[in-house]
Structures are given as C-alpha cells and as structure tokens.
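S.K.: What follows is a single structure, and I will ask about it in a moment.
The values are calculated or read from the model by the stated rules, or taken from the named source; none is laboratory data. As the structure is a computational prediction, the values presented were derived from the model and not from experiment. No Cβ is skipped: glycine too gets one built from the backbone with ideal geometry, and neighbour counts run over all protein chains shown.
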Amino acid sequence: MNVELVTENQKRINKLISRYEEFTRKLLDCEVDDILILTEKRKGLSSEITKLDSQIKNEFAENTQALEAYQNKCDRSSLPDELRQVFDLRQEFNSIAFRISSMDPEIKERISLLRDELVVKIKKNNSGQNAKAAKYAKAGISSGSNFFVPENKKLI
C-alpha cells in the first residue's frame, strides 16, 4: 500500500474537480455556442478523475481501513496520521462535488429553456411567407425542376 502515491493522486483529482467546477459555473451563464465545448471539457475531466479514482481504489483494495478513509466512511480520529491526510483530501473533493451537484439542476433548467427558445425561433423562421425553406421549395416547384435532387446527376 503506497499512501504517498494515493495522496498525490488525490491532490491531482482535487485539481481536476476544481477545474470541473469552474467549467460548471461557466455553464450557468455562457453563450449557447459554448455549452457543447464546456460539456466536452467536463467530460474529459470526469474521465481523468474516474481513472485516478480507480487507481486509488486498487491501491487500497486489500486494506479496509485505508479504503474506508479514502471513502470517508470512518471516524477520522481513529485513523493513523498518514491516512488522515487521505481522509482530509477526499473530504475536500466531496465538498467540491457537492457544490457541483447543487448547480446541475440549474444548468439543466437553463439548457431546457434555451432549447425551447431555439425551437420557437426555428418555427418562427420556418413559417409563413418569409420562411427560407418555403421560398426554396416554392421556387423549385414553380419552375418545374427539382433543386434538391438535380435530375442531370446519375446515381452510382
């Protein structure tokens, strides 16, 4: 069991989760075009965190006390000094993860509202005499040719 390696990995995880929190905060008020970019960045960070978490669990797999310290499932005062740092680092991670989880419903609601607004705009742009798609379709029909599938192109 290498507690020093686990401590270093948990510090790396905490840095990654802090960046994840930063991207999550940006999702609360970013431009629509940035939502996909930020969610992809969060996905990448999540993948790295999961990988490091697995490494830590494998390192502590045969030591129940160490695994419980890592998972914050024990009394901190009963731990030896080397595992207290693991416990404390994981507690820091848990507090950041809790803040992130409290932002997620607000982000989901925001994305849902943005989606609804975009659907209304699309319907507005594609209805009535001013609809762009309708203009192209009417032009093709009135000229007697098919603009969408040119007739002079052979199928291969």
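S.K.: Residues of the range 18-36 being β-branched (Val, Ile, Thr) and either outside any helix (DSSP H, G or I) or within 30 Å of Arg90 (Cβ to Cβ) (or both), which ones?
M.R.: Selection gives Thr24 alone.
S.K.: Among the residues of the range 8-33 satisfying the criterion of being surrounded by 14 or more Cβ atoms within 10 Å (Cβ to Cβ) and either modelled with pLDDT under 95 or hydrophobic (A, V, I, L, M, F, W, C) (or both), which is farthest from Pro80 (Cα to Cα)?
M.R.: If we take residues in the range 8-33 being surrounded by 14 or more Cβ atoms within 10 Å (Cβ to Cβ) and either modelled with pLDDT under 95 or hydrophobic (A, V, I, L, M, F, W, C) (or both), then Cys30 is farthest from Pro80 (Cα to Cα).
S.K.: Are any residues in the range 71-109 among the basic types (Lys, Arg), part of a helix (DSSP H, G or I) and within 30 Å of the chain's Cα centre (by Cα), and if so, which ones? Walk me through it before giving the result.
M.R.: To start, the set of residues in the range 71-109 that are among the basic types (Lys, Arg) comprises 73, 76, 84, 90, 99, 108.
Checking which are part of a helix (DSSP H, G or I) leaves us with 76, 84, 90, 99, 108.
Arg90, Arg99, Lys108 - these are the residues of the range 71-109 that are among the basic types (Lys, Arg), part of a helix (DSSP H, G or I) and within 30 Å of the chain's Cα centre (by Cα).
S.K.: Report, by residue number, each residue of the range 85-108 that is surrounded by 15 or more Cβ atoms within 10 Å (Cβ to Cβ) and not aliphatic (A, V, I, L, M).
M.R.: Once the filter is applied, which keeps residues that are surrounded by 15 or more Cβ atoms within 10 Å (Cβ to Cβ) and not aliphatic (A, V, I, L, M), the range 85-108 yields Gln85, Phe87, Asp88, Arg90, Glu92, Phe93.
Each row is one residue, and each column tells you yes or no for (1) farther than 30 Å from Leu5 by Cα; (2) surrounded by fewer than 14 Cβ atoms within 10 Å (Cβ to Cβ); (3) in contact (Cβ under 8 Å) with a residue 12 or more places away in the chain.
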residue: Thr50; (1), (2), (3): no, yes, no
residue: Phe60; (1), (2), (3): no, no, yes
residue: Ala69; (1), (2), (3): no, no, yes
residue: Arg110; (1), (2), (3): yes, no, yes
residue: Val120; (1), (2), (3): yes, yes, no
residue: Lys123; (1), (2), (3): yes, yes, no
